[in-house]
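The values are calculated or read from the model by the stated rules, or taken from the named source; none is laboratory data. Just so we're clear, the structure is a prediction, and the values are computed from it rather than from any experiment. Neighbour counts are summed over all protein chains in view; Cβ atoms, including those assigned to glycine, are modelled from backbone coordinates with ideal geometry. Note: accessible area is taken over every heavy atom of the protein model, side chains too, but ligands, DNA and RNA are not part of it. Shrake-Rupley method; radii C 1.70, N 1.55, O 1.52, S 1.80 Å.
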Amino acid sequence: MKTVILLRHAKSSWSDPELDDHDRPLNRRGKAAAPLIAGWLERTGYVPDRIVCSSSRRTRQTLKRMRQAIPSLPEPEIEPRLYHAEPRLMFEILARQPDSAKTVLFLGHQPGLSAFARHLVNGRIRPGCGRAFEHFPTAAAAVLKLPVTQWAELSPHSADFVDFAVPRELAADEARDPAGPRIH
């Protein structure tokens, strides 16, 4: 069994309209969200042993903030083709991951992530997870379990969608219960 985590970059800044989309940085909300989702991944046991990250500034900054929260996260593979990648390309990249990796985190963009989730999932979705197919929120993480032992065995519509988290909801949970956010 393999696991893939689809993670959208944290909220980016639009303060400089002249800045190329690829070069947009995180805004204040995005900087706060990245450690929240990292903490959720750690608490739920979904810490990846491999990370494939888009080359955009906002994805790399999201990962940097996550690595500050979880220093044991592996060094990422920066994959320029993940920048606004189509599901077919994402599928090819995932299928070529080393078999030594049990859990791979893809850090990318919308609308590709939600389309890729639709491409992978077998139709069984836990309540509350379906919105990943519509508007994948910033810094949200979708966790999918794949019935394979080697990444090359990956096939469309075979994954179980097992978990989904959004930093805004994690922060609200934490505000209501200072003992820690609820685990979905």
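Can you tell me, using C-alpha contacts under 8 Å and at least 6 residues apart, the relative contact order of region 14-158 as a whole percent?
Dividing the mean separation by the residue count of region 14-158 yields 25 percent.
Ordering D163, D99 by accessible surface, largest first, gives D99, D163; the 1.4 Å probe counts only protein heavy atoms, with every chain in place. Provide the percentage of antiparallel DSSP beta bridges, counting only those with both residues in the chain; round to the nearest 5. Percentage antiparallel, nearest 5: 45. Packing order of peptides 148-159, 54-65, highest average first: 54-65, 148-159 (average count of other Cβ atoms within 10 Å over each peptide's residues).
Hydrophobic long helices, here whole DSSP H runs in the chain with Kyte-Doolittle means of at least -0.5 and Cα atoms spread over 24 Å or more along the helix axis, are found at 28-44.
To two decimal places, what compactness ratio does region 14-107 give when its Cα radius of gyration is scaled by 2.2 N^0.38 Å?
Values: Rg = 13.9 Å, N = 94, 2.2 N^0.38 = 12.4 Å.
Dividing the Cα Rg of region 14-107 by 2.2 N^0.38 Å gives 1.12.
Computed from point charges on the beta carbon alone (+1 for Lys and Arg, -1 for Asp and Glu), the dipole magnitude for the chain about its Cα centre is near 340 Debye.
Using a probe of 1.4 angstrom, how much of the accessible area of the chain is carbon and sulfur, in percent?
51 percent
Here the chain has an Rg and Dmax of 15.4, 46 Å, counting Cα atoms alone. Along the charge dipole of region 1-144, which of L36, L19, L6 sits closest to the positive end, that is, farthest toward it, with unit charges on the beta carbon of Lys, Arg, Asp and Glu (+1, +1, -1, -1)? With unit charges placed on the Cβ atoms, the residue in question is L36. On the beta carbon distance between A152 and L19, with R0 = 30 Å, the FRET formula returns roughly 0.20. Taking amide H as placed 1.01 Å from N in the peptide plane, S55 has its amide H under 5 Å from the amide H of E79, L82, Y83, each at least 5 places away in sequence or on another chain. What the chain shows is 47 Å² of accessible area per residue, with the surface traced by a 1.4 Å probe over protein heavy atoms.
Give the shape of region 1-60 as rounded, prolate or oblate, defined through the alpha-carbon gyration tensor: a ≥ b ≥ c are the square roots of its eigenvalues, a/c under 1.5 means rounded, and otherwise the shape is prolate if a/b is larger than b/c and oblate if not. Oblate, because a/c is 1.5 or more while a/b does not exceed b/c.
Computed per residue of the chain from DSSP H runs no shorter than four, each worth -39500 (n - 2.57), the mean residue ellipticity at 222 nm is -9500 deg cm²/dmol.
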